[in-house]
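See below for the structure under consideration.
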Amino acid sequence: MQAEDVDGRRESGCGAERLKYDSSIQMLSVQPDTKPKGCAGCNRKIKDRYLLKALDKYWHEDCLKCACCDCRLGEVGSTLYTKANLILCRRDYLRLFGVTGNCAACSKLIPAFEMVMRAKDNVYHLDCFACQLCNQRFCVGDKFFLKNNMILCQTDYEEGLMKEGYAPQVR
Ligand SMILES: [Zn+2]
Ligand SMILES: [Zn+2]
Ligand SMILES: [Zn+2]
Ligand SMILES: [Zn+2]
């Protein structure tokens, strides 16, 4: 069977993306003359002088806790991480979910908070995202090609096509 990678001709521009699971926490002071807000953690009214706002909800300072280690997230560094309805501190999040997948070029794991490059279903370390023949790196807007699951620059891709097209006949 002649394996012709149909996706080999698919081309797209580069674009880095950051995987986003984190939300910021705001600490707000409660105005005395406003109606007390309900806490999303314990469902009681917040009568403290300060409350936390996170995930579009309001929380007692004591109620916004990591589901794993119970640390108060309002103090840890004012970022929380959510996944599968869990609210987690950064440390636990990394411990539990800290991997994006394997880099399609070097096959090492990619931690969840690294910038990644994506091409089709593959993810790559930023450093690994280069033409796998000539190691040319790509800039935003450059074209790259996926051929037999290899990243190729335009030059190498076209050269590959030429070779295929003009392969010498075996006598
Ligand atoms: Zn509460
Ligand atoms: Zn924790
Ligand atoms: Zn890699
Ligand atoms: Zn190349």
*What is the Cα centroid distance between the range 24-51 and the range 57-102, reported in whole angstrom?*
20 Å
*Per the 1.4 Å probe, what fraction of the accessible area of the range 101-165, in percent, lies on carbon and sulfur atoms?*
52 percent
*Could you tell me the largest-minus-smallest coordinate of the C-alpha atoms of the range 50-111 on each of the three principal axes, in descending order and whole angstroms?*
49, 22, 19
_Rounded accessible area of Met115 (nearest 10 Å², 1.4 Å probe)_ = 60 Å²
*Express the accessible area of the range 101-165 per residue in Å², computed with a 1.4 Å probe while the remaining protein chains stay in the model.*
57 Å²
*asked:* Quick check on the range 79-171: of the DSSP beta bridges with both residues there, what percent are antiparallel, nearest 5%?
replied: 95 percent
*Please list, in chain and number order, the residues 5+ apart from Gly101 or on another chain whose amide H is under 5 Å from its amide H, with Hs placed from the backbone.*
Ile110
*If the viscosity is 1.002 mPa s and the temperature 20 °C, what Stokes-Einstein diffusion coefficient in µm²/s follows for the range 101-165 when Rh is the Kirkwood radius over Cα pairs?*
174 µm²/s
*Using label points projected 7 Å from each Cα along Cα→Cβ, tell me how many nm separate Ser29 and Gln154, to one decimal.*
5.8 nm
*asked:* Which entries of Lys57/Lys83; Lys108/Lys147; Lys83/Lys147 have Cα-Cα distances beyond 25 Å here?
replied: Lys83/Lys147
*What's the local net charge at Lys37, with K and R +1, D and E -1, over the other residues with C-beta under 14 Å away?*
+3
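The values are calculated or read from the model by the stated rules, or taken from the named source; none is laboratory data. These numbers were taken from a predicted model, which means no experiment stands behind them. All Cβ positions, even for glycine, are placed from backbone atoms using ideal geometry, and neighbour counts span all protein chains on display. The area values use the complete protein model at the heavy-atom level, side chains included, leaving out ligands, DNA and RNA. Shrake-Rupley method; radii C 1.70, N 1.55, O 1.52, S 1.80 Å.
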